[in-house]
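Down below is the structure, laid out as structure tokens.
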Amino acid sequence: MSGAATGGAPGVTSGSQRALVTAAAPPGASSRLSGLIDDVEGLVQRCEVLGDVGRDAETIRTLCDQARGHQSSIESPLRILLLGGTGVGKSTLLNALAGEEIAAASPVRPTTRAVTVYVHEESTGAELGGLEEQASFARHRRPELRDKVIIDAPDFDSTVFENRILLDAALSVSDLVLCVVTAEKYLSRELFERLRAHRRGLSFVFVVNKADLGGADLVAGDFEKTLAEAGFERPRTVRISGRAALAGRLEGIPADEIEEAGEFGVLVSFLERELDRTRVRRIKTSNQRDRIQRLVARVRRAVPEDGAERIARWRHALRADVGDLVVDLSRRAARAIDADPRFRLGLAYLFATSFTSIFGAFIAVVYGLKAILRPGYPRIGADALDGLSRAVVERLRDLDPVELDRRLTDIVRRFVDTAGREGLSREPIETILREKLAARAAATVLADENATAASAAIEPEHALAGAGKALVREVHRTAGRRARGVCEEAAFGGAMRVLNVLLNIPAWVAVLSILAAPVLRVLRLEDGPIVPSDGLYGLAAFLILGFVVAERAVNRRAKRALANLEREVAAALDEALERTLVGPAEATVAGVESLLEEVDALSERAEVADEAAKKSGTYRRAGAPAGLSSLVTGAAARG
């Protein structure tokens with residue numbers, strides 16, 4: 001029930017009922033409410049990918065527009081709508097409130113076929129939010145009703161379609177509803193459908209008319225019970241006789257002195273005296289809070305509670321599809337590398353020629369002779385690392401861009417289909433993904449030499465057409481870089497440097513012993529030939545033994561490097577797919593994830609604003625001593 005809708009009955013002077021709200025909403029309350037409307041609308045504009053939100057987007061935008069219209073009318077007169085079915089006496093009640101015949105009345109057929117507005121002569125009618133174009137105005141000079149506009153709209157059970165549309169328009173701009181019923185109409189299914197649809201965002205006063213015909217107390221009690229079951233908290237009805245009230249008013253009798261009019265005087269006192277500007281603003285502010293809470297709740301309901309689990313399943317399906325593609329392409333690349341024996345020989349040549357000093361010179365001669373004398377032996381040359389990188393890229397030439405286009409298209413289709421199965425909107429998801437793929441493909445083209453922004457521009461609808469080519473380009477670039485790193489580490493890493501030192505130490509010892517022999521003979525320190533044969537034999541033995549050790553080490557190193565290369569090629573494929581497909585797809589998933597987080601944050605901000613309003617005094621639970629008049633009733637959910 002609205003905080004603006006509670007408190008003591010008008011005309012009664014008990015202490016608890018005199019404790020009416022006198023404080024207007026603090027300056028920050030209005031800006032917080034307006035900010036929440038903007039937040040909801042901005043979020044909905046980005047939420048088309050969330051299936052239920054996207055399908056409800058137009059309705060939510062309409063509700064946002066209505067809420068914004070109410071927000072701008074917080075300081076405007078209170079718009080009071082007479083709601084009722086055929087023959088319940090709405091027009092008679094309006095005439096009684098006005099004290100004159102301003103609306104046609106009939107007890108048996110729909111008389112109200114247009115909107116009649118009872119308004120102060122200084123009013124421009126702009127506070128009706130566009131309804132003024134379809135209204136006839138009855139103007140008055142009564143200061144006690146200066147801040148109120150009373151609207152008599154068509155009957156809710158009218159069979160004329162235009163009348164129903166007009167009633168909906170009147171409800172959308174109203175702040176307070178005087179719901180008029182009789183013993184025949186108070187349980188109308190159509191009435192309660194209207195009440196349930198508008199119980200959030202409106203305050204209500206329930207009037208049982210024709211109380212002079214008898215049975216009003218029983219009708220009122222049953223009506224109040226039914227209203228409570230429909231979600232209205234502590235509803236109270238006012239029992240009146242509109243016909244008797246009108247007759248008395250036309251005779252000039254004060255409202256509270258018309259004996260047969262029932263509680264008509266109570267209703268008039270409430271409308272004319274209790275609803276001052278402060279309380280009018282309080283009703284409007286409380287109603288506006290309810291509208292915004294309804295908006296946030298509508299967005300919240302459209303977002304699945306298991307959104308995080310759905311996102312996780314969506315992401316897992318993408319990763320599984322991409323993983324299958326990487327495994328398949330990696331195996332094909334590994335077979336291509338293994339099928340070429342020259343590649344293994346090239347690795348051995350690179351590693352063997354990485355030795356330095358005396359042993360390195362010896363190995364270089366041996367492998368140089370191998371390259372000359374052995375047909376088909378690879379000769380990579382001085383730029384061995386670059387040569388092997390190019391050789392890896394050459395092994396990947398079998399990747400067919402056309403086939404990759406098809407397979408990537410299949411992955412994207414399954415990605416979008418999975419999104420649909422998880423409750424997201426397929427078309428917005430596909431549009432977003434294609435835009436990101438086009439941007440990624442354009443960036444890949446720009447990374448190449450001689451590419452310009454104009455030549456790299458790719459339309460989103462053609463993004464997948466070049467995805468295979470972009471992927472091959474990324475694979476070549478990434479695989480070449482990774483292959484160079486593997487070969488460089490294998491050839492010049494710590495283990496090879498240690499082996500290089502160990503193999504060169506005995507060679508240098510032998511060489512130094514050979515060089516020392518002539519010097520020692522000149523100095524007559526020892527006899528013997530100038531070049532000792534044992535030194536030569538030792539050097540030769542060291543070199544041959546070192547060659548055997550180095551050859552075994554080189555072959556093991558080449559085998560290990562080959563396995564590492566295959567892993568790096570798989571990593572290159574994975575990295576290339578990450579750039580060309582997974583990155584854009586993950587960005588799409590992350591965008592949806594961010595929207596879910598924004599919905600949660602919006603709900604939290606609404607709750608914070610609600611608590612702040614309660615603490616600031618702009619909101620009271622139903623039945624609280626500081627509430628407004630107990631005639632006014634709102635939805636139970638307000639409390």
Mind listing just one residue for me: the one in region 429-452 that is open to solvent by 30 Å² or more (accessible area, probe 1.4 Å) and in contact with a Leu (Cβ under 9 Å, 6 or more places away or on another chain) and, of those, modelled with the highest pLDDT? Arg434
Would you pick out the residues in region 137-160 that are out of contact with any helix residue (DSSP H, G or I) (no Cβ under 8 Å at 6 or more places or on another chain) and either crowded, with 19+ Cβ neighbours inside 10 Å or within 16 Å of Val115 (Cβ to Cβ) (or both)? Phe137, Arg139, Val160
Is region 83-93 home to any residue that is in contact with a Cys (Cβ under 9 Å, 6 or more places away or on another chain), at pLDDT 80 or above and either basic (Lys, Arg) or within 30 Å of Lys210 (Cα to Cα) (or both)? yes
Arg344 vs. criteria touching a Leu at 6+ places or on another chain (Cβ under 7 Å), at pLDDT below 80 and among the basic types (Lys, Arg): yes
First in region 581-600 and within 19 Å of Asp410 (Cα to Cα), second anywhere and in a helix (DSSP H, G or I) and aromatic (Phe, Trp, Tyr), Cβ under 8 Å, 6 or more apart: Ala585/Phe415; Val589/Trp314
Test Val280 against the criterion of being open to solvent by 10 Å² or more (accessible area, probe 1.4 Å) and either touching an Asp or Glu at 6+ places or on another chain (Cβ under 7 Å) or assigned to a helix (DSSP H, G or I) (or both), and give yes or no. no
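Residues are listed down the side, and each one gets a yes or a no for (1) touching a strand residue (DSSP E or B) at 6+ places or on another chain (Cβ under 8 Å); (2) modelled with pLDDT under 90:
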residue: Val208; (1), (2): yes, no
residue: Arg234; (1), (2): yes, yes
residue: Gly248; (1), (2): no, no
residue: Gly252; (1), (2): no, no
residue: Gly265; (1), (2): no, no
residue: Val268; (1), (2): no, no
residue: Leu271; (1), (2): yes, no
residue: Arg277; (1), (2): no, yes
residue: Arg281; (1), (2): no, yes
Tell me, which helices (runs of 4 or more DSSP H) lie completely within region 179-273 with 3 or more residues that are among the aliphatic types (A, V, I, L, M), under 19 Å from Ala98 (Cα atoms) and open to solvent by less than 50 Å² (accessible area, probe 1.4 Å)? 242-250, 264-269
Whether any residue in region 96-117 is more than 22 Å from Arg239 (Cα to Cα), modelled with pLDDT under 80 and outside any loop (DSSP other than H, G, I, E, B) is what I want to check. no
Conditions (1) open to solvent by less than 90 Å² (accessible area, probe 1.4 Å); (2) charged (D, E, K, R); (3) not in a helix (DSSP H, G or I); number of the one not met by Arg397: (1)
For Arg236, the lone unmet condition from (1) more than 31 Å from the chain's Cα centre (by Cα); (2) without any contact (Cβ under 8 Å) to a residue 60 or more places away in the chain is (2)
Do you know which of the residues in region 312-363 that are in a loop (DSSP other than H, G, I, E, B) and polar (S, T, N, Q) is nearest to Leu424 (Cα to Cα)? Ser354
Check on Leu388, part of a helix (DSSP H, G or I), open to solvent by less than 20 Å² (accessible area, probe 1.4 Å) and at pLDDT 80 or above: no
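The values are calculated or read from the model by the stated rules, or taken from the named source; none is laboratory data. Since the model is a prediction, treat every value here as computed from it, not as a measurement. All Cβ positions, glycine included, derive from the backbone under ideal geometry; neighbour counts span all protein chains shown. Surface areas here come from the heavy atoms of the whole protein model, side chains and all, with no ligands, DNA or RNA. Shrake-Rupley method; radii C 1.70, N 1.55, O 1.52, S 1.80 Å.
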